[in-house]
Amino acid sequence: MLQQRRLKIALAAVAMLVSAASHAQEYPTKPITLIVPWPAGGSTDISMRAIAESASKVLGQPIAIDNKAGGGGTVGPATMAAAAKSDGYTIAQIPITVFRLPLMQEVSWDPSKDFTYIIHLTGYTFGVTTSAEGPFKTWKDVVDYAKANPGKVTYATPGTGSSLHIGMEQIAAMAGIKLTQVPFKGGAETNAAVLGQHTMLQADSTGWKPLVDAGNLRLLMLWTAVRSPNYPDTPTLKELGYPLVYDSPFGIAGPKGMDPKIVAKLHDAFKKAVEDPAVIATLAKYDMVPNYKNTEDYRKAVVEITESERKVIDSLGLAKKTN
């Protein structure tokens, strides 16, 4: 009896392994959901749709975009970590806030344990804009006004803890001024806020580009290492005297416990996508460039990014209180 039971257990284990291997080999057999944790119509949404469309051709299945905005880009990944199966059919864009917010407050996820990192894709061009009808012509105008009116300068961001929020607070500290953040869910809302002069400034990625190009918004600075070829007259942070570069790189991950074979298939499809000339052209419209890292390098980068963010959060006094 004991031998029979052991044999049954062994056969069941083999069957499970064969089934799992077969699933990984056949994957994908149905559409994949890609969570974009920002509102539709922004630079992230548009670029991720282009990447997903290209990757879907490689995978042979559609990739459906699910916009789950909020929490500075963390609501979508947190929802996936809590509820999605690890079968490769739900994945998410992972903004840097997924690593930063746990350093600032209690959250429901652990970035070192709750995700299967797949591939690192690209990063953003960030800039600060103001209404073309407003009083600020240059960043110096902002600083001068803020020194005379502490806390009166308001700026819209896509959320507390986002790179735009942290970046603006670093800039303010270096400039010796106090600014007031007004958090929103994403670029569509921050565009509307600054355009309607509900806030005096907007700090965001290049979803503002059409409005700047149309002359409705004025671009005061960029957070890139060098000037953008699209905006050769706009100074960088470094040129304005702030030794900072912010590009907030991002990639794609799934829930914890994904089969490495499925991870490899997703990695290969998305790698081909960021090499696709059509995708590169879409990214270029928003001053984004491919920044590829394979699965292992992405995992290592997560550790490095987290430690780097810890130092910045500590320096700004924004670290969560521990008992």
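The values are calculated or read from the model by the stated rules, or taken from the named source; none is laboratory data. Source: prediction; values computed, not measured. Using ideal geometry, Cβ is built from the backbone for each residue, glycine included, and neighbour counts are taken over all protein chains shown. In case anyone asks, the SASA skips ligands and DNA or RNA and just uses the protein heavy atoms, side chains included. Shrake-Rupley method; radii C 1.70, N 1.55, O 1.52, S 1.80 Å.
Looking at Val107, Val128 in this structure, which one is in contact with a Leu (Cβ under 9 Å, 6 or more places away or on another chain) and open to solvent by less than 10 Å² (accessible area, probe 1.4 Å)?
Val128
Would it be correct to say that Arg227 is basic (Lys, Arg) and touching a Pro at 6+ places or on another chain (Cβ under 9 Å)?
It is true that Arg227 is basic (Lys, Arg) and touching a Pro at 6+ places or on another chain (Cβ under 9 Å).
In the stretch 245-259, which residues are farther than 19 Å from Tyr292 by Cα and open to solvent by 20 Å² or more (accessible area, probe 1.4 Å)?
Once the filter is applied, which keeps residues that are farther than 19 Å from Tyr292 by Cα and open to solvent by 20 Å² or more (accessible area, probe 1.4 Å), the stretch 245-259 yields Lys256, Gly257, Asp259.
For residues that are more than 26 Å from Asp314 (Cα to Cα) and open to solvent by 30 Å² or more (accessible area, probe 1.4 Å), scanning just the stretch 136-168, find the one that is farthest from the chain's Cα centre (by Cα).
Only one residue fits best here, namely Ala148.
In the stretch 185-229, which residues are buried (at least 21 other Cβ atoms within 10 Å of the Cβ) and β-branched (Val, Ile, Thr)?
Of everything in the stretch 185-229, those that are buried (at least 21 other Cβ atoms within 10 Å of the Cβ) and β-branched (Val, Ile, Thr) turn out to be Thr190, Val194, Thr199, Thr206, Thr224.
Do any residues in the stretch 29-42 that are over 17 Å from Ile252 (Cβ atoms) have Cβ atoms under 7 Å from those of residues that are surrounded by 15 or more Cβ atoms within 10 Å (Cβ to Cβ) and at pLDDT 95 or above, where the two are at least six apart or on different chains, and which pairs are they?
Matching pairs, first to second residue: Lys30/Gln61; Lys30/Tyr89; Pro39/Asn67; Ala40/Asn67.
Return the residues of the stretch 25-54 that are in contact with a strand residue (DSSP E or B) (Cβ under 9 Å, 6 or more places away or on another chain), surrounded by fewer than 21 Cβ atoms within 10 Å (Cβ to Cβ) and among the β-branched types (Val, Ile, Thr); say none if nothing qualifies.
Thr33
Can you find a residue in the stretch 66-73 that is free of Cβ contacts under 8 Å to residues at least 60 places away in the same chain and assigned to a strand (DSSP E or B)?
Looking through the stretch 66-73, at least one residue is free of Cβ contacts under 8 Å to residues at least 60 places away in the same chain and assigned to a strand (DSSP E or B).
In the stretch 285-299, is there at least one residue being without any contact (Cβ under 8 Å) to a residue 40 or more places away in the chain and among the acidic types (Asp, Glu)?
Checked against the condition, which is being without any contact (Cβ under 8 Å) to a residue 40 or more places away in the chain and among the acidic types (Asp, Glu), the stretch 285-299 yields at least one hit.
Yes/no per residue for (1) hydroxyl-bearing (Ser, Thr, Tyr); (2) part of a loop (DSSP other than H, G, I, E, B); (3) more than 15 Å from Lys185 (Cβ to Cβ); (4) at pLDDT 95 or above:
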{"residue": "Leu7", "(1), (2), (3), (4)": "no, no, yes, no"}
{"residue": "Gln25", "(1), (2), (3), (4)": "no, no, yes, no"}
{"residue": "Pro28", "(1), (2), (3), (4)": "no, yes, yes, yes"}
{"residue": "Pro39", "(1), (2), (3), (4)": "no, yes, no, no"}
{"residue": "Ile51", "(1), (2), (3), (4)": "no, no, yes, yes"}
{"residue": "Ala55", "(1), (2), (3), (4)": "no, no, yes, yes"}
{"residue": "Thr79", "(1), (2), (3), (4)": "yes, no, no, yes"}
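Considering the stretch 268-302 alone, what residues qualify as being open to solvent by less than 30 Å² (accessible area, probe 1.4 Å), small (Gly, Ala, Ser) and within 19 Å of the chain's Cα centre (by Cα)?
If the condition is that a residue be open to solvent by less than 30 Å² (accessible area, probe 1.4 Å), small (Gly, Ala, Ser) and within 19 Å of the chain's Cα centre (by Cα), then Ala273, Ala301 are the ones that fit.
Looking at the structure I just gave you, is Ile305 out of contact with any Asp or Glu (no Cβ under 8 Å at 6 or more places or on another chain), open to solvent by less than 50 Å² (accessible area, probe 1.4 Å) and farther than 17 Å from Gly123 by Cα?
No: the conditions fail for Ile305.
Looking at Ile177, Ile171, which is the one that is among the β-branched types (Val, Ile, Thr), more than 19 Å from the chain's Cα centre (by Cα) and surrounded by fewer than 21 Cβ atoms within 10 Å (Cβ to Cβ)?
Ile177 is the lone residue from the list that is among the β-branched types (Val, Ile, Thr), more than 19 Å from the chain's Cα centre (by Cα) and surrounded by fewer than 21 Cβ atoms within 10 Å (Cβ to Cβ).
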